[in-house]
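Undergrad: Sharing a structure, written as structure tokens. Questions coming.
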Amino acid sequence: MTTNTFGRRIWGFDRSDAEMKMARAAGWSRADLVWERLLEAGNLAWAEGVQAKAASRFRQADLLTRLCFDRNDLRRATCHANLSLIAMAGNKPHRAALHQARALQIWKTAASQIATMNVAPRSRSSLFHLRLEAKHRDTFHDNMRKRFSNFAAETEETLRMLTAPAPSRHRHFSRWRGERPNVYDDTRKIMGACLLIIDRA
């Protein structure tokens, strides 16, 4: 029963799914949030040592991206990254290298996607902060794009280390909950692409 309930939550079939309602109201597609949930579930399963379940979630997410996302969507690279690590763990280096190459090819578009990403207004704790953001919106957006460019650069380093004997020096999934934007816009999609990657031990 627990598994079925969790499955309904991932796919957004529960009518009481408040998160799905908020995401859709903000302009996200159902696939956008389902992808995020699949990647979270896959990473959690991997961290718990349940590799078969992790692989299943990552493959489901990969299929979803191929059906619903643009060919250069950075989230497709994230799926390839995780599948590369799954392949390495399964002693399939050739398959791992293929996924790595596809991830790196897509990641070449990261800079242009960050430059054009839609940044929705943030929830602020006071009217003062709301006014400050509105007054200096261009500066706020420029600083945010610089920050996201740093995340993307770290992710590219990790992608280049996918098939290496030693893990990347960057942590990804362990930072997701703390860095995840609280709004449903392009920043959350790109942050997910950067951070919903397995942390190798």
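Undergrad: Assuming R0 = 30 Å, what is the FRET efficiency of L98 and W11, from their Cβ-Cβ distance, to the nearest 0.05?
TA: Efficiency, rounded to the nearest 0.05: 0.60.
Undergrad: While we're here: With each pseudo-label sitting 7 Å past Cα toward Cβ, what's the N143-L63 distance in nm, one decimal?
TA: Simple spin-label model gives 4.4 nm for this pair.
Undergrad: Sticking with this one: In what sequence do D199, D70 fall when counting other Cβ within 10 Å, fewest first?
TA: Sorted ascending by nearby Cβ count, the order is D70, D199.
Undergrad: Could you give the radius of gyration (one decimal) and Dmax (whole number) of the Cα atoms in the chain, in Å?
TA: In Å, with Rg to one decimal and Dmax whole: 17.2, 55.
Undergrad: Using a Förster distance of 22 angstrom, determine the FRET efficiency expected from the C-beta separation of A201 and Q105, and round it to 0.05.
TA: According to the calculation, E is roughly 0.20.
Undergrad: Placing unit charges on C-beta atoms (Lys and Arg positive, Asp and Glu negative, everything else neutral), compute the dipole magnitude of the chain about its Cα centre in debye, rounded to 20.
TA: Using only the charged Cβ atoms, the result is roughly 100 debye.
Every read-out reported here was derived from the displayed coordinates using simple, explicitly stated rules and does not represent laboratory data. Keep in mind that what you see is a predicted model, and the values were worked out from it rather than measured. Positions of Cβ are generated from backbone atoms using ideal geometry, with glycine treated the same way; all protein chains shown enter the neighbour counts.
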